[in-house]
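The values are calculated or read from the model by the stated rules, or taken from the named source; none is laboratory data. All values derive from a computational prediction rather than experimental measurement. Because the Cβ atoms are built from the backbone with ideal geometry, glycine has one as well, and the counts that use them run over all protein chains shown.
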Amino acid sequence: MVGLMLAAACACAQGPSAGSTAPIGGSVSGVVEDDQGALIPGAQVVLVADGASRSLTSGSDGRFCFDAVPAGSFRVTASEQGMVDGVRDGTLSQAQQMELEPMMLHAGAVVSVTAVTQEQMAAIQVRQEETQRIGGILPNYFVVYDANPQPLTKKLKFELGWKSVVDPMNVMFVAAVAGFEQAGNQFPGYGQGASGYGKRFGAGMADATVGTLLTGSVLPMVFRQDPRYFYNGKGSMMSRTFYALKTTVICKGDNGRWQPAYANVLGSFGAGAVSGLYYPGGERGGMLVMENGLTALAFDGFSNVMQEFVLRRMTPQRSHEMVGE
């Protein structure tokens, strides 16, 4: 049996024969057997990765192999009538050829887990998005390249927002901005020296935290809206620019329909209002709220245009793309 497993593993790893086109991505292979170690041919094997589901049956030697599997989290489920399903979870690196531990099916009461819920697929997609970094450095979590992603649960919305706030690279970016503000003596009420820098950095982190959680987590939960940018990649430069800009004020709801972006607009101005609690006295007031809110929306528009034309190419690890440029 070991010889058969190794031979089949090599066949999967080698891929197609000369003259054919090699599949993109890695591979996931394994063998299905019962609790006595006997091979199970014809078992149903399902792979879920990037929110997409693929299935096949195990061969006469009990083996299976999925090619062109995108990098990221995945789940493999093997099932056979009258037996308890076997499940394996894993994370695949780019172009990795992974051999799973044997998928062992036990005789007894059947507990089917082959039906992957919408929430499970959404979680898989979010795990992939959390690997997206601009230039491999700055997090690029709030953009999705899949044409039909699953709606986010409340937990996933909070997770995306919080992980973005506490990411070390984002914290370093806020620290750098505080340094530039100190050098230009912006918000002079904070003063200079270490104390002045600390206040500017604290205000910057407060802005980032409140703004991200309001527009990316809390209000999207309230209004049932998706806070992510949905990459378009199709059409003329003008149409794509217009699409990128309008998504600052319209968004997809959890029902998949486009609607006014209440969460983003109200969150931007709400964050500006909260900032009045910790900015120097002379800098507070309605003008600060308007300035911060409009600045946030303008930055969103600029960021979306950059996502559409520039940042996709700078994000090497992207969620599964169902759209093309």
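Of everything in region 143-188, what is among the charged types (D, E, K, R), out of contact with any Pro (no Cβ under 6 Å at 6 or more places or on another chain), surrounded by fewer than 17 Cβ atoms within 10 Å (Cβ to Cβ) and touching a residue at least 24 places away in the same chain (Cβ under 8 Å)? Give them in sequence order.
K154, K163
Look through region 35-54, keep the residues that are among the polar types (S, T, N, Q) and touching a residue at least 40 places away in the same chain (Cβ under 8 Å), and return whichever of them is farthest from I124 (Cα to Cα). Break it down stepwise before answering.
At the first step, the residues of region 35-54 found to be among the polar types (S, T, N, Q) are 36, 44, 53.
Among the residues that remain, those that are also touching a residue at least 40 places away in the same chain (Cβ under 8 Å) are: 44, 53.
Numbers: Q44: 21, S53: 12 Å.
The residue in question is Q44.
Every residue in region 124-143 that is aliphatic (A, V, I, L, M), modelled with pLDDT of 90 or more and closer than 18 Å to T215 by Cα, please.
Keep residues of region 124-143 that are aliphatic (A, V, I, L, M), which gives 124, 126, 134, 137-138, 143.
Adding the requirement that they be modelled with pLDDT of 90 or more leaves 134, 137-138, 143.
Scanning region 124-143 gives a single hit, V143.
Filter region 1-53 down to the residues that are modelled with pLDDT of 90 or more and surrounded by fewer than 15 Cβ atoms within 10 Å (Cβ to Cβ) and list them by number.
A38, P41, G42
Every residue in region 89-104 that is closer than 23 Å to Q125 by Cβ and either surrounded by 18 or more Cβ atoms within 10 Å (Cβ to Cβ) or over 23 Å from the mean Cα position of the chain (by Cα) (or both), please. Quick ask: steps written out before the conclusion?
First, pick out the residues of region 89-104 that are closer than 23 Å to Q125 by Cβ: 89-96, 98, 100.
Scanning region 89-104 gives L92, M98, L100.
Return yes when R257 is exposed (fewer than 14 other Cβ atoms within 10 Å of the Cβ), within 15 Å of V144 (Cα to Cα) and of a type in the set (D, E, K, R) and no when it is not. Let's see the steps before the verdict.
On the way: exposed (fewer than 14 other Cβ atoms within 10 Å of the Cβ): yes; within 15 Å of V144 (Cα to Cα): no; of a type in the set (D, E, K, R): yes.
For R257, the condition - exposed (fewer than 14 other Cβ atoms within 10 Å of the Cβ), within 15 Å of V144 (Cα to Cα) and of a type in the set (D, E, K, R) - is not met.
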